[in-house]
């Protein structure tokens with residue numbers, strides 16, 4: 001059991017680092033999704049299936065989807081480039 | 001704020017957090033120990049109300065008021081997001097025409113997963129008092145899974161199967177019935193959200209008194225709210241554009 005927990009924790013740490021190191025927000029939505037899936041695995045290993053289900057629903061589906069749609073809207077042509085206008 | 005000043009502020013914050021956190025962590029019970037006073041009390045209370053899923057008993061029975069607050073936050077967030085994402089005065093909504101180009105494999109996956117996710121969502125809501133899951137988890141699965149229609153079919157199919165008005169009503173009715181069940185408990189047993197319904201048999205589908213009823217209320221609210229939230233995001237990101245700017249061929253989607 002300890003080995004499974006250690007493996008899950010290491011995977012979560014690695015995925016968290018991957019999210020931080022992903023520069024492009026659109027790609028970050030995907031790494032965030034992977035991180036949430038691994039977090040759900042960790043919660044399952046810690047015997048918290050209810051939390052794991054919530055994490056899968058929110059973390060792997062809704063949040064990345066909202067990020068991707070928001071990024072798509074920001075980068076749409078015909079709008080003021082918010083990256084240069086926001087400074 | 002310049003970069004060095006920002007680092008100083010950051011370091012002050014980290015040191016402060018470390019000073020407060022270190023003694024707290026040092027006094028935590030060891031990981032995996034058998035000392036769980038809250039667990040002992042919560043499990044006994046859940047069994048007394050014949051709710052097999054102790055987490056649901058905590059969320060909807062023992063601490064139902066907390067969940068009521070969370071549901072209200074969810075309702076307010078969805079309403080706020082819908083308000084922000086509505087097409088502005090200078091924006092026009094463009095109707096997508098026909099089917100978009102989509103890989104057959106993606107389309108097939110959508111067709112297969114749509115009924116599966118719907119059944120899973122309904123199962124999670126209806127068995128929330130017995131097995132892991134509940135209104136929130138099931139509602140999220142239902143509200144998100146519905147959008148597989150867009151992946152499998154077209155935006156038209158999604159619009160037909162997702163009457164936004166119905167979901168707006170669902171959101172309000174779900175949140176309202178949670179409050180109504182709370183008031184009913186107040187009238188029947190003298191406490192807001194008291195478990196006043198017959199408890200049934202331990203492990204049965206209808207057991208735990210108000211827990212399955214509150215699960216259904218939350219399930220309706222979260223499924224409707226999730227569908228509304230995603231529909232507004234989808235509409236704003238895909239089919240709304242500044243007036244006069246035809247930026248893309250109709251019905252086309254990004255991969």
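Every read-out reported here was derived from the displayed coordinates using simple, explicitly stated rules and does not represent laboratory data. What you see is a predicted model, and the numbers here were worked out from it, not measured in a lab. Note that we place each Cβ from the backbone using ideal geometry, even for glycine, and neighbour counts take in every protein chain shown.
A few points about this structure:
- Subset tally (residues that are touching a helix residue (DSSP H, G or I) at 6+ places or on another chain (Cβ under 8 Å), in a helix (DSSP H, G or I) and away from every other protein chain (no Cβ under 14 Å)) for the range B:48-62: 2
- Any hit, the range B:107-123, residues being crowded, with 20+ Cβ neighbours inside 10 Å, away from every other protein chain (no Cβ under 14 Å) and touching a residue at least 24 places away in the same chain (Cβ under 8 Å): no
- Unmet criterion (only one of (1) free of Cβ contacts under 8 Å to residues at least 12 places away in the same chain; (2) buried (at least 22 other Cβ atoms within 10 Å of the Cβ)) for residue B:141: (1)
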